[in-house]
Every structure is written in structure tokens, then in C-alpha cells.
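The values are calculated or read from the model by the stated rules, or taken from the named source; none is laboratory data. This is a predicted model, so every value here is computed, not measured. Methodologically, a virtual Cβ is constructed for each residue, glycine included, from the backbone with ideal geometry; neighbour enumeration extends over all protein chains shown. Just so you know, the surface numbers come from the protein's heavy atoms only, side chains and all, with ligands and any DNA or RNA stripped out. Shrake-Rupley method; radii C 1.70, N 1.55, O 1.52, S 1.80 Å.
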Amino acid sequence: MKEEYMPYSITDFIEIDSEGNFHLWEAKMIHSDELLKGKAIGQLLFYDFLFSTYPEKNLKELLIENGFDEETISKKNYDDFHFKTWNILVCGGEGWELCAGVNPIMWNYPTLPEEYFKDSTPNLNLFHFYEVSSGFDLKNIWELAIDTPQKLHIEAFSKYLNLDEIPSEDEIEGYYLDFFNYQHNLSNDDIDLLIEFNESEDQNNFLKEKDKTLEQIEEINEKFQSSLHRLKLEEDPEAKKYFNKFIGRDWFK
């Protein structure tokens, strides 16, 4: 009968990396109550406490029994049994549901430790694991932002746009550019006007015919150049190093 009153103390899974660090993982369906109401944080705290306070001998036996390498675990001492990171694996969906610009509240998960926990608390990461036509895709939340769709899986961004078909690698850049133009309130007519202006032999006469000012054309051009800049955006290697340090593991490569 006592099991009916004991807290559920079985983790979803524990990972040990190549450097011998332990990582705690909690897997949640995208619409689960534990995820939407923040209960996953409490579970991580509870499992972390159990892991770091469980008797060393019993913990080693439990880990080896569940498939960890016996030689690796046997060499560890009591102080080694702590988690370097906490990780929430959000399962299901189409890949865009956690994006900044779509779901800002979900981004509170990885930033909570900064506000409420001490510096020694493990890094808290949020991952999205979802199905694509070739199998599955896995993204850290820091890769998920609608404003930088190049970091999203092509299928995820295509489903966000509600496209009927998934574009090819060659076609997707056109959709990125259209999306950036839309965010800058640039219409296809604006782009056509800019092209015609640049190709006209007499630009002053062109402006008169179209009843436009040079300032209006320059504004359109400025917005379009901003879209092109965003399209060609390349990740800074130093930014990757920072993110790796921030999340507590080598994720961005």
C-alpha cells in the first residue's frame, strides 16, 4: 500500500556524455498538462535531489542494472553523481510551436534558473523533438525563432506558412525572402516598383509617371536591403561558443 502514497521517482531517462557528465531528461508531449502548467520544473528539481542524495552504493547498482557501463560507473565517487544539465524534451507538433514570436511564454523555461535558482543549479534546456518526412528532427529552443526561419527545419517553417507542398532547398530561400518582405510591410507591387525604377532610363520621369517620390523609393529599397541582409545572415562562431557554454554542452556545431 505504501507505493500509493510515495512520489513517482522514476526519471524518463538519464544520459552520460563522453566526458562522464550526467544529464537529466524529462520528455513531455507538446500539449501535456505537466509542460503547459510548469510542473516539469518541479519534477526536475525532485529527480535532481533524489539523484544527488541517494546512497552511492545503491545508485551505482541501479545505474548499472539499467544499462550504464559497469566499469565507468564503478570508478565514480559520491561527488560525481550530480547533473550538469536539466533537459525538457517536448515531443510532437510540427516544429514551429515553441518559436520566439509564436510562443514567448515557453521561453521562460530555460531562463528560470537565472531568476530563481542559485548559480550551481544545472543549466535548464528545452528541446523540441518532432517528426519530419525523413524521420525526426531535434532542435534546442535557442534555434527556434520565427524571425530566423533559416534555423528551422524546412518542413517546420513550411507548415507554419501552411504551404500545400514542402519547397526544395533551392526554392525555400524565395519563401524566406517573401516572409521577410511581409514583415517589413513590403508588397509584391512595391518590389516590382523598385525593379522598374532601377531599370528605368529616366528615373525622374518614371517617378512622375508613377506619382511617387524619391524618398518613397528609397524607403522601399531600405526595407528590401534589410530583407536581403537577413536572408544572407550567417551565424557567428563566437555566438555558437557562447550558446554552448550557456546551455552547458556542445550542442551548436
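Loop only per DSSP, at most 16 neighbouring Cβ atoms within 10 Å: give me the chymotrypsin sites (Phe, Trp or Tyr not before Pro) in region 105-178, ordered by residue number.
Values: sites: W107, Y116, F117, F127, F129, Y130, F136, W142, F157, Y160, Y175, Y176; in loops: F117.
Here the sparse-neighbourhood loop sites are F117.
Please list the equivalent ellipsoid semi-axes of region 1-113, computed as the square roots of five times the alpha-carbon gyration tensor eigenvalues, in descending order and whole angstrom.
Working: eigenvalues 170, 61, 31 Å².
Semi-axis lengths for region 1-113 are 29, 17, 12 Å.
Rounded, prolate or oblate for the chain? Axes are the square roots of the Cα gyration tensor eigenvalues, ordered a ≥ b ≥ c, and the cut-off for rounded is a/c under 1.5.
Values: a/c = 3.13, a/b = 2.84, b/c = 1.10.
Prolate, since a/c reaches 1.5 and a/b exceeds b/c.
Starting from 0.36 nm per residue, how many nanometres of slack lie between Q216 and D80 once their C-alpha separation is accounted for? Mind showing how you got there, number by number?
Details: separation 136, 0.36 × 136 = 48.96 nm, distance 6.42 nm.
My answer for the length gained is 42.5 nm.
Multiply the residue gap between E71 and I16 by 0.36 nm, knock off their C-alpha separation, and tell me the result in nm, one decimal place. Numbers along the way, then the final one.
On the way: separation 55, 0.36 × 55 = 19.80 nm, distance 1.33 nm.
Gain on stretching E71 to I16: 18.5 nm.
At most 14 other C-beta atoms within 10 Å and a DSSP loop state: those are the exposed GluC sites (Glu not before Pro) I care about. Give me the longest piece of the chain that has none.
Numbers: sites that count: E19, E165, E201, E234, E235.
In the chain, the maximal stretch lacking such sites is 20-164.
Which entries in the list K39/K245; K37/K240; K57/K139; K159/K245; K37/K223; K28/K75 go over 29 Å, if you measure between the two C-alpha atoms of each? Present the calculation step by step, with values, prior to reporting the outcome.
Working: K39/K245 26 Å; K37/K240 31 Å; K57/K139 36 Å; K159/K245 32 Å; K37/K223 40 Å; K28/K75 33 Å.
Over 29 Å Cα-Cα: K37/K240; K57/K139; K159/K245; K37/K223; K28/K75.
Calculated FRET efficiency, I172 and D33, Cβ-Cβ r, R0 35 Å, to nearest 0.05? Let's see the in-between values first.
Values: r = 36 Å, r/R0 = 1.02.
That gives a FRET efficiency of 0.50.
Suppose the chain between W107 and E238 were pulled fully straight at 0.36 nm per residue; how much longer would it get relative to their current alpha carbon spacing? Please report the intermediate quantities before stating the final value.
Numbers: separation 131, 0.36 × 131 = 47.16 nm, distance 2.23 nm.
Extending this stretch completely gives an extra 44.9 nm.
Taking the DSSP beta bridges in the chain as the whole, what percent of them are antiparallel, to the nearest 5? Intermediate results must be reported in sequence, preceding the final value.
Details: 10 of 26 bridges.
Roughly 40 percent of the beta bridges in the chain run antiparallel, per DSSP.
Probe 1.4 Å, all protein chains in place: accessible area of L214 in Å², nearest 10?
Accessible area of L214: about 80 Å².
So what's region 169-253 giving for Rg/Rh, alpha carbon basis, Kirkwood Rh from the mean inverse pair distance?
Rounded to two decimals, Rg over Rh is 1.21.
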